[in-house]
Amino acid sequence: MENLVFVINCGSSSIKFQLIEPNSQQIHLKGLAENLDSDRCRIKSGDQEINLPNQNYDGVLKEILRLITPFEDKVCAIGHRVVHGGEYFYSSMIIDDEVLSKIKKCAHLAPLHNPVNAKGIEALLKRFPKILNVAVFDTAFHMSMPNHAYLYALPIKFYKENQIRRYGFHGTSHRFISEQATKLLPDHSKLIIAHLGNGSSVCAVKDGKSVDTSMGFTPLEGLVMGTRSGDLDPSILTYLSKELNISAEEALTICNSKSGLLGISEISSDMRLLEEKAIQKDPQAMLAIEMFCYRLAKYIASYTVPLKGCDGLIFTGGIGENSHFIRSKVINYLPNFSIDEKIHEKLKRGASGIISSLSSPHIAVIPTNEELMIAQDALKLKAAI
């Protein structure tokens, strides 16, 4: 057991962590701390469940670090998921004082995530001062987008002075899938990747580089998602604010937390439950699913423009990997794509495979693994020193 990488993902109210051997891909420890700062705060790791009622970030991190104590002499690097790198970072970086300072400078772009990302980094640097720490940015993969794709048609001064532009997210997942696609698809220079989960995004990848993506300045733009509205006429926010006598922030909360599949169905943000309800002919569940698939299909079709074609369409993420129902509905909207139903039905969770009946464009399902991507980046940067 050598070259273990400790991967940590500090979210706004949760912390995910893994101990991975990047080369063998073996996971030695995996866990989730959830509901921080509440009476339901707990850490789940394997068969263990540690209750930490009302524990704050610092206390939970200390408990996580206690869990990795038996392995710490084997840890060669630590990989941190960082949501926003702004325009500072185009790739994963070894963390030093300058990198940490720039992560903090991006806090205004991701106020719920970058501050806690920085908190996790500082805790690990303090606990393991001699171990290499690496930051892997959700936004970095999309820094290859051309300016005509990432700029909004606002006065250009807002970009120059206020950094308002499309950044894109899920970049670590899209990069991982684009690399895996080279092993699976015979043609892979023009890929469209659909990362579908509670948060969903599409990415156009040309020769391994992102050229466009559906999320924008924040993860709200783009597809219909679990609780996010996706693309929206911005004047709706001011209209809601006036009509309901609420603040702009409250209107934005509706778009982020009460919309999407949840808002349309009035049942759940969980696609699995909505599929069950749709089979029972629940009209609002059926409508929510139809809107989700229609918006997704429109984005997929539109990304043949920057790619000038398409060699492969790849589904990933919790919904993309597991829902035959959703994949089929999306493909039915796309006239130039076709699924081989026999292969499609046999594809199990965790399996990779081509599910198209046509030779091109190929359609494939590839499970994502952002933690492995982070671990591999950390090991590569360590080897390069």
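The values are calculated or read from the model by the stated rules, or taken from the named source; none is laboratory data. Worth saying up front: this structure is predicted, and the values here are computed from it rather than measured. We place every Cβ from the backbone using ideal geometry, glycine too, and count neighbours over all the protein chains shown. Ligands, DNA and RNA are excluded from the accessible area calculation, which covers all protein heavy atoms including side chains. Shrake-Rupley method; radii C 1.70, N 1.55, O 1.52, S 1.80 Å.
Tell me what the chain gives for mean residue ellipticity at 222 nm when only DSSP H runs of n ≥ 4 count, each as -39,500 (n - 2.57), the sum divided by the residue total, rounded to 500 deg cm²/dmol.
-11500 deg cm²/dmol
Accessible area of segment 31-145 with a 1.4 Å probe: how many percent of it is carbon plus sulfur?
On segment 31-145, the fraction of accessible area on carbon and sulfur atoms equals 49 percent.
Which of the trypsin sites (Lys or Arg not before Pro) found in segment 73-140 are loop residues per DSSP with 11 or fewer other Cβ atoms within 10 Å of their Cβ?
Loop-located and lightly packed - LYS130.
Could you check the spin-label model distance between LEU32 and ASN162? Points 7 Å from the Cα along Cα→Cβ, value in nm.
In this crude spin-label approximation the distance works out to 3.6 nm.
Keeping every protein chain present and rolling a 1.4 Å probe, give me the accessible area per residue for segment 176-282 in Å².
49
What residue among GLN284, MET271, ALA297 has its Cα farthest toward the positive end of the dipole of segment 219-304, where the charges are +1 on Lys, Arg and -1 on Asp, Glu, each on the Cβ?
ALA297
So what's Rg/Rh here for segment 1-53, counting alpha carbon atoms and using the Kirkwood radius for Rh?
Taking Rh as the inverse mean 1/r over Cα pairs, Rg/Rh reads 1.06.
Find the accessible area per residue for segment 1-44; the probe is 1.4 Å, ligands and nucleic acids are left out, and the unit is Å².
46
Can you report the principal axis dimensions of segment 89-177 using only the alpha carbons, biggest first, rounded to whole angstrom?
46, 31, 20
Percentage of Cα-Cα pair distances in the chain greater than 38 Å, rounded to whole percent?
19
In nm, to one decimal, how far is the GLU63 label point from the ALA301 one, both placed 7 Å along Cα→Cβ?
Label-label distance for GLU63 and ALA301, simple model: 5.0 nm.
Over the Cα atoms, compute the radius of gyration (one decimal) and Dmax (the largest Cα-Cα distance, rounded to a whole number) for segment 250-297, in Å.
Every Cα atom of segment 250-297 included, Rg and Dmax give 10.8, 34 Å.
How big is the antiparallel share of DSSP beta bridges in the chain, given as a percent to the nearest 5?
DSSP beta bridges in the chain are roughly 65 percent antiparallel.
Helix hunt in the chain: which complete DSSP H runs extend at least 18 Å axially by C-alpha with mean Kyte-Doolittle at least -1.0?
Helix filter hits for the chain: 114-127, 171-184, 283-302, 370-383.
Once both labels are modelled 7 Å past Cα along the beta-carbon direction, what's the SER235-ASP340 spacing in nm?
The answer from the label model is 5.0 nm.
Please give the solvent-accessible surface of ASP207 in Å², to the nearest 10, using a probe radius of 1.4 Å with every protein chain present.
So the heavy atoms of ASP207 present about 110 Å² to solvent.
Size of segment 213-322 along its principal axes in angstrom, Cα-based, largest extent first?
49, 38, 19
In the chain, with Lys and Arg counted as +1 and Asp and Glu as -1 at Cβ, which of these residues, ASN23, LEU244, VAL365, has the Cα nearest the positive end of the dipole, that is, farthest along it?
Positive-end residue among those listed: ASN23.
May I ask you to derive the relative contact order of segment 48-206, considering only C-alpha pairs under 8 Å and at least 6 residues apart, and to give it as an integer percent?
20
Report, in whole Å, the centroid distance computed from the Cα atoms of segment 190-238 and segment 77-134.
Their Cα centres are 24 Å away from one another.
Go through segment 276-360 and name the trypsin sites (Lys or Arg not before Pro) that are in a DSSP coil and have 10 or fewer other Cβ atoms within 10 Å of their Cβ.
LYS281, LYS308, LYS348, ARG349
With the dipole of segment 15-97 worked out from charges on the C-beta (+1 for Lys and Arg, -1 for Asp and Glu) around the Cα centre, which of ASN35, SER91, GLN48 lies farthest toward the positive end?
GLN48
Quick one: pull the percent of accessible area on segment 245-351 belonging to carbon and sulfur, 1.4 Å probe, ligands and nucleic acids left out.
Its accessible area is 54 percent carbon and sulfur atoms.
Suppose every K and R has +1 on its Cβ and every D and E has -1 on its Cβ; what is the size of the dipole of segment 245-361 about the Cα centre, in Debye to the nearest 20?
Here the size comes out at about 320 debye.
How big is the convex hull of the Cα atoms of segment 234-385, per residue, in Å³?
It comes to 189 Å³ per residue, whole-number rounded.
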